[in-house]
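The values are calculated or read from the model by the stated rules, or taken from the named source; none is laboratory data. The model shown is predicted, which means the values in this text are computed figures rather than measured ones. Quick reminder, even Gly has a Cβ in these numbers, built from the backbone with ideal geometry, and neighbours come from all protein chains shown.
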Amino acid sequence: MAQRENGADLLGATSLLNLKDKDPMLAGVILDMSMNATIAASLQLGSTVLGSLAGITTLHQKRVEQAGFAVLKSPDVPSILVETGFISNARDSQRLVTARHQPAVADGLFEGLQRYFQKNPPVNSYIAWQQEQKKNQA
């Protein structure tokens, strides 16, 4: 069932990439290339966010892991899933509800996202526009 649902999500992605009028083989190749690029960007984003969380919380893994969840399979948007702790772990569970830990985790996530998008601004985004303005002023 999960495989069928994930396949349905990818079929919908062809319309996002405007591939409806393309040869099915060509559309598949373009979608595959897009997915590979997005997975690479997602891994880079995840690594940047993971690095920003390293000093804030105990990391379960020192590297980014991959999963086949449908929500992580957009062909055009880098996606990450962040585990901030485990409720089955008594120490994690206690930290997750503290007023000090929650903002620290949120700040770490924000810092990682901000660093990633400063290095890799999406085309036609506000960050890309800001960087272009700085180049033009220099």
What pairs can you find where one residue is in region 82-104 and among the aromatic types (Phe, Trp, Tyr), the other is exposed (fewer than 12 other Cβ atoms within 10 Å of the Cβ), and their Cβ atoms are less than 9 Å apart, with a gap of 6+ or different chains? PHE86/HIS60
Flag for LEU109 being in contact (Cβ under 8 Å) with a residue 12 or more places away in the chain, under 13 Å from the mean Cα position of the chain (by Cα) and farther than 25 Å from SER34 by Cβ: yes
Failed item in (1) part of a loop (DSSP other than H, G, I, E, B); (2) among the charged types (D, E, K, R); (3) at pLDDT 90 or above, with ASP76 passing the rest: (3)
List the number of the failed condition for VAL71; all other conditions in (1) at pLDDT 90 or above; (2) assigned to a helix (DSSP H, G or I); (3) surrounded by fewer than 13 Cβ atoms within 10 Å (Cβ to Cβ) hold. (1)
Looking at region 90-108, is at least one residue of a type in the set (A, V, I, L, M, F, W, C), surrounded by 11 or more Cβ atoms within 10 Å (Cβ to Cβ) and within 30 Å of LYS20 (Cβ to Cβ)? no
Quick check, is ALA13 under 30 Å from GLU132 (Cβ atoms), within 20 Å of the chain's Cα centre (by Cα), at pLDDT 90 or above and not basic (Lys, Arg)? no
